Amino acid sequence: MRGLLDWLDHRTGYRDVFKAALYERIPGGPRWRYIWGSALTYAIVIQFITGLLLWAAYSANAQGAWESVYFIQYEMWGGWLLRGIHHYMAQVTVVLLLLHLMQIVIDGAYRAPREVNFWFGLAMLGLVLGLSLTGYLLPWDQKGFWATKVATSIAAITPVVGPAMQKFLVGGAEYGHHTLTRFFALHAGIIPAALVFLIAAHIYLFRRHGITVRDPDRAPEAMFWPDQVLRDAVAMLAVIATVLILVLVRGTELGAPADPTEPYAAARPEWYFMFLFQWLKYFPAGWEVFGAMIVPGVIVTVVALMPIIGNWEMGHRFNVGLLSALILGIGLLTYLGYAQDRADPEFLAAKEQADREAERIEHLASAPAGIPPTGALSLVRTDPLTQGPKLFASNCASCHTYDGHDGLGLPPAEDPTASDLAGFGSREWLEGLFDPQRIATLEYFGGTQFRNGEMARFVQRGIPNAWTDEQRAELPYVIKALSAEAGLTRQQAADSVEAADVERGRTAMTTGFVNCIECHTYRGVDAEDPEGPVLTGWASREWMLRMVDNPAHDDFYGDDNDRMPPFGEDGILTETEMELIVDWIRQDWYRATVQVDESEAEAVEVGSAGG
Amino acid sequence: MSDETPKADGAPRRNFLTAMGAVVAAGLAGVAPVLAGIATLLDPLRRSSDDQPMVLVTKLAVVPDDGIPRKFTVTADRVDAWTTYQNTPVGAVYLTRTPDGIQCLNVVCPHAGCFVNLAPGATHFACPCHRSQFALDGTIADPASPSPRAMDELDVEIRNGDEVWVRFQNFQPGQEHKVPIV
């Protein structure tokens, strides 16, 4: 073995290289305060390794990026851990960079002859921030998409070259495939290559100049290996421990897939860019270039001049003061940014909705049907649970409510002028309709012209006064029969178990034992005086779709229709949109288990209604 | 490594020519790949879609007649590099009835490209990102708004009596004047 290594050394000289690398003299002995550079190098090496392995599973295109990240995060062995380490190590790298910079400035380690190395360091800080910015977009989720879009829009305000620069960066007029391919080339190729070059030069210069020691007589001189390396290794362990705790405790977020047409009010940059985001709020129109470019440019220039300034009398103190002021200012802006968001109900609602949508798409993507070739976005766009509330809020909520809110959880601005549609078609909904105390409230007909109509009179006076006890005894069966017409998926079990009750209700209705067929056509029996909607298939999917299509059709309200527009006939809503609303009201959306028990259905409903 | 560098025959001139030759030859060797690379990289700059066609957005009857803006999704064909999406959502607009007809505003904030919301109560527009505020006609409502211009108004036409057609376009954010993104 020894002979073989001797031979190898003779041919390559590797021992000298090792020796040069490990036996660096450290006057004053090893110290904990020297660990930052090594910890940082470690963090960057980990990013290279995890990044390359993520690359082996990632696909940079608008219909595959989110999907491949979803697959890494939720399907592949250890994918969540790999992505989690890369995600949090990126943030730890930024923190370590700042600490390293502070240490260098406080120790005055930028002074001659180390100016160039200080500049290399600053350049690397810029590159690492560039990696963060480009990496944020790659999962192609709502958060990364919209936050990055704001960032490239700011690039576009650069005088003269701005628009062309933006188009060059984005790879076209709009975000798309080429934005991803370009950002990925920057993130995984160009910036890392530049970083490797700068790290090599940085370490070479560091070795050339030697370590900056304040107090060489503190302890006997030692060697880098093994004394300092032990401390450095402990620091690396601390770094990875921090990252692993973050991965395990916080998890790694993946938002809903990017949708260029879906506003995302909760778009915020990664936390270490939050100060810039907050900073820009203070610049009114016409001052953006000043705020976003000139001020930061001046600050970066002054920081870059620190090695020169440090030579002046008081220069070093100025540098330390400036850096402290900068860090305080950045801290304050970051705090203000988050404090304002926390106090903003709209932001909080948007954030909550985003979290819910992220959870929902994960659920949909893991369904047996999986993700179609058109991508996960088509799952989002055809999901009643996701789209229903939004469509309801913008098309129905000016008259109707859903469980007292507008579908998205906000209370209606004015009193509703039509019924509350939560649970429409169910037995509970009908029990309320047939309740003399409730039929004329805003929950049902209270806001409509039917408040004083035949049906309201019938429920309020007819049933209690004119009906016989035998007729009244049939009412629960009528409700079951009518509700069975809706064919609600979630009521399927009850409808089939109680088929006899349903049949009894039907008989009561079709024979005219109860008075429904006076006004309503039902199961082949024509109404004597057809004033009310047809009850055959009442509240079924098809019935509701036809009703929304044109409520003034003779099968529904005819000439008595009260203000509800013909959404389908007038082209206000497309067929698909009507289906999404109807399926949402009927609570017909994909669930992981076919047999949903009541409490679970309730939980999903509450989840969708929460805000 | 004791070999001495062979002395050239005292000919700095020949040395210079050799050096020049080396630089030129090596430089030429790199021309084709570099040029090809730059051309491909710059390709997006040459692609532009100057004439945006009008697209049908909705029926006139659907636009509320109380002067409150209403948001409509705009669907059109969209080409993204190698993929063509047919009849896909490409953006959204606010349509408002005015005494002169219909006003159409792009929902994108001219400041940094976020989507502007109609504030609760429909009193004004508010951008959720950097707090720009716009009146219902799209003009800047709050002088502290960071937006450099009013919301972007789009060409709108009523065809066949009741169809609202819009020339859907996005504009460069952050500029004082509307510059179409093409």
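Skipping prolines and chain starts, which residues have an amide H placed within reach, meaning under 5 Å, of the one on A:TYR402, given they are 5 or more residues away or on another chain?
So A:TYR402 has HN proximity to A:GLY407, A:LEU421.
Using θ = phi - 60° and the Karplus relation 6.51 cos²θ - 1.76 cosθ + 1.60, list the HN-Hα couplings for region B:122-128 in order, rounded to whole Hz, with x at every Gly or Pro.
Values per residue, Gly and Pro as x: 6, 8, 6, 9, 9, 8, x Hz.
Residue farthest toward the positive end of the dipole of chain A, with Cβ of Lys/Arg at +1 and Asp/Glu at -1: which of A:THR511, A:TYR522, A:ALA592?
A:ALA592
Can you pull the percent of Cα pairs in region A:380-609 with separation above 22 Å?
53 percent
Which whole-Hz ³J(HN,Hα) couplings does region A:90-101 yield from phi under the Karplus relation 6.51 cos²θ - 1.76 cosθ + 1.60, θ = phi - 60°, glycine and proline marked x?
Whole-Hz 3J(HN,Hα) from phi for region A:90-101: 4, 6, 5, 4, 4, 5, 4, 4, 5, 5, 4, 5.
Would you mind ranking A:LEU101, A:LEU244, A:LEU96 so that the residue whose beta carbon has the fewest other beta carbons within 10 Å leads the list?
Going from least to most buried by this count: A:LEU244, A:LEU101, A:LEU96.
To the nearest 20 Debye, how big is the dipole of region A:154-257 about its Cα centre, given +1 on the beta carbon of each Lys and Arg and -1 on that of each Asp and Glu?
Dipole size: approximately 220 debye.
Give the average over all directions of the projected area of the C-alpha convex hull of region A:452-557, one decimal, in nm².
Projected over every direction and averaged, the Cα hull of region A:452-557 covers 7.0 nm².
Going down the list A:LYS149/B:LYS178; A:LYS167/A:LYS390; B:LYS59/B:LYS178; A:LYS149/B:LYS59; B:LYS71/B:LYS178; A:LYS149/B:LYS71, which pairs span over 24 Å between their C-alpha atoms?
Over 24 Å Cα-Cα: A:LYS167/A:LYS390; B:LYS59/B:LYS178; A:LYS149/B:LYS59.
Taking region A:24-261 on its own, what percent of its Cα-Cα pair distances exceed 33 Å?
Value for region A:24-261 (Cα pairs over 33 Å): 27 percent.
Return a whole-number percent for the relative contact order of chain B, with Cα pairs under 8 Å and 6 or more residues apart as the contact set.
So the answer I get is 18 percent.
Rounded to whole Hz and in sequence order, give me ³J(HN,Hα) for region A:15-25 from the Karplus expression 6.51 cos²θ - 1.76 cosθ + 1.60, θ = phi - 60°, writing x for Gly and Pro.
So the Karplus estimates, Gly and Pro as x, are 5, 4, 4, 4, 4, 4, 6, 9, 9, 8, 7 Hz.
Towards the positive end of the charge dipole of the protein assembly as shown, with charges on Cβ (+1 Lys, Arg; -1 Asp, Glu), say which of A:VAL150, A:TRP7, A:THR181 has the farthest Cα.
In the protein assembly as shown, that residue is A:TRP7.
Would you work out the Kirkwood radius for chain A? I mean one over the mean of 1/r across all pairs of different Cα atoms, in Å.
By the Kirkwood definition, the hydrodynamic radius is 29.6 Å.
Per Stokes-Einstein, at 25 °C and 0.890 mPa s, what whole-number D in µm² s⁻¹ belongs to region A:121-276, with the Kirkwood radius over Cα pairs as the hydrodynamic radius?
In µm²/s, the coefficient rounds to 129.
Using only Cα atoms, what Kirkwood radius does chain B have, in angstroms?
Its Kirkwood hydrodynamic radius stands at 20.6 Å.
Counting only C-alpha contacts under 8 Å and six or more residues apart, can you give the relative contact order of region A:24-261 as a whole percent?
41 percent
Suppose we keep just the DSSP beta bridges with both residues in the protein assembly as shown; what percent of those would be antiparallel, to 5?
Rounded to the nearest five, the antiparallel share is 95 percent.
I'd like the antiparallel share, as a percent to the nearest 5, of DSSP beta bridges with both residues in chain B.
100 percent
Suppose a student asked you for the relative contact order of chain A, using Cα pairs under 8 Å spaced at least 6 residues apart; what percent would you report?
Across chain A, relative contact order equals 13 percent.
Roughly how many debye, to the nearest 20, is the charge dipole of the protein assembly as shown about its Cα centre, given +1 on each Lys and Arg Cβ, -1 on each Asp and Glu Cβ, and no other charges?
Here the protein assembly as shown has a charge dipole of around 5380 debye.
Could you point to the residue in A:LEU40, A:TYR74, A:ALA339 farthest towards the positive end of chain A's charge dipole, with +1 and -1 charges on the Cβ of Lys/Arg and Asp/Glu respectively?
Result: A:LEU40.
Every read-out reported here was derived from the displayed coordinates using simple, explicitly stated rules and does not represent laboratory data. A quick note: this is a predicted structure, and the numbers were derived from the prediction, not measured. Cβ coordinates were reconstructed from backbone atoms using ideal geometry, including for glycine residues, and neighbour counts include every protein chain displayed.
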